[in-house]
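The structure appears right after this line, and notes come after that.
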Amino acid sequence: MLETKVPVGISARHIHVSQADLDILYGEGYQLTIKKDLLQVGQFAANETVDLVTEKSSFKNVRILGPVRKQTQVEIALTDALKLKIGIPVRESGDTKGSAGITVVGPKGTVTLEEGVIAAGRHIHMSIDDAQKFGVQDNEIVKVRCDGERGLTFDNVLIRVHENFRLEMHIDTDEANAAMCKNGCTVEIIK
């Protein structure tokens, strides 16, 4: 019998930064410091935060997730985008071409992104062993059921397989609230 249950990690608004942008936001050569390790190996919530600013609104103290990346990217929920009054696409992390821009304000400087703001598509991280147990492959799209009082089915869930990944489905705060799901709850892949 194939495994079907997957723990959930809820992703609040956050930013991934490049070293070049971190140098502007926090000062030349600045290194992120770890507030809390995340489940995925080498990933962490940093102590450092920034403000996200548009012409119409802003969010203060948005957490930076580390380590630094090749490209700065902001991941927010669709309701966050409504508050900021910007249109954003739902995309796989890293796919920011043609997405909305935003101004990022740090304690030492400001970076204006021409593009880079997305709502991350829901996805499941899993190891190669997990993929075999679940009978799925990297880049496969599945359906996932969340039971409970406001249970629902998530369509278009991307499977991401890597030898270093730990089993976890990532959804944003909008999706979690709609299903009354909390960090650590489990969902079931129903294909």
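List of remarks:
- Filter result for residue 183 (of a type outside the set (A, V, I, L, M), open to solvent by 60 Å² or more (accessible area, probe 1.4 Å), under 22 Å from residue 76 (Cα atoms) and assigned to a loop (DSSP other than H, G, I, E, B)): yes
- Subset of the range 79-134 [part of a helix (DSSP H, G or I) and among the basic types (Lys, Arg)]: 83, 133
- Matching strands (runs of 3 or more DSSP E) fully within the range 1-60 where at least 3 residues are within 22 Å of residue 95 (Cβ to Cβ): 5-11, 14-18
- Boolean, residue 113 is aliphatic (A, V, I, L, M) and either closer than 24 Å to residue 37 by Cα or exposed (fewer than 13 other Cβ atoms within 10 Å of the Cβ) (or both): no
- Cβ pairs under 7 Å, 6+ apart, first in the range 76-89 and acidic (Asp, Glu), second assigned to a loop (DSSP other than H, G, I, E, B): 80/13
- Answer from 77, 120 - the residue that is over 22 Å from residue 41 (Cα atoms) and surrounded by 13 or more Cβ atoms within 10 Å (Cβ to Cβ): 77
- Hey, residue 68 assigned to a strand (DSSP E or B), closer than 22 Å to residue 175 by Cα and either among the basic types (Lys, Arg) or modelled with pLDDT of 95 or more (or both) or not: no
- Pairs meeting the criteria (first residue in the range 161-177 and more than 19 Å from residue 4 (Cβ to Cβ), second residue among the small types (Gly, Ala, Ser) and not in a loop (DSSP other than H, G, I, E, B), beta carbons under 6 Å, at least 6 apart or on different chains) are 172/11.
- Members of the range 49-71 that are free of Cβ contacts under 8 Å to residues at least 24 places away in the same chain and either open to solvent by less than 20 Å² (accessible area, probe 1.4 Å) or within 16 Å of the chain's Cα centre (by Cα) (or both): 49
- Pick from the range 142-165, criterion part of a strand (DSSP E or B) and open to solvent by 30 Å² or more (accessible area, probe 1.4 Å), ranking: farthest from residue 123 (Cα to Cα): 152
- Screening 24, 34, 10 for residues that are open to solvent by 40 Å² or more (accessible area, probe 1.4 Å), touching a residue at least 60 places away in the same chain (Cβ under 8 Å) and farther than 23 Å from residue 182 by Cα leaves exactly one candidate, 24.
The values are calculated or read from the model by the stated rules, or taken from the named source; none is laboratory data. This is a predicted model, so every value here is computed, not measured. Positions of Cβ are backbone-derived with ideal geometry, glycine not excepted, and every protein chain shown enters the neighbour counts. The protein model used for the area step is the full one, side chains on, heavy atoms only, and it has no ligands, DNA or RNA in it. Shrake-Rupley method; radii C 1.70, N 1.55, O 1.52, S 1.80 Å.
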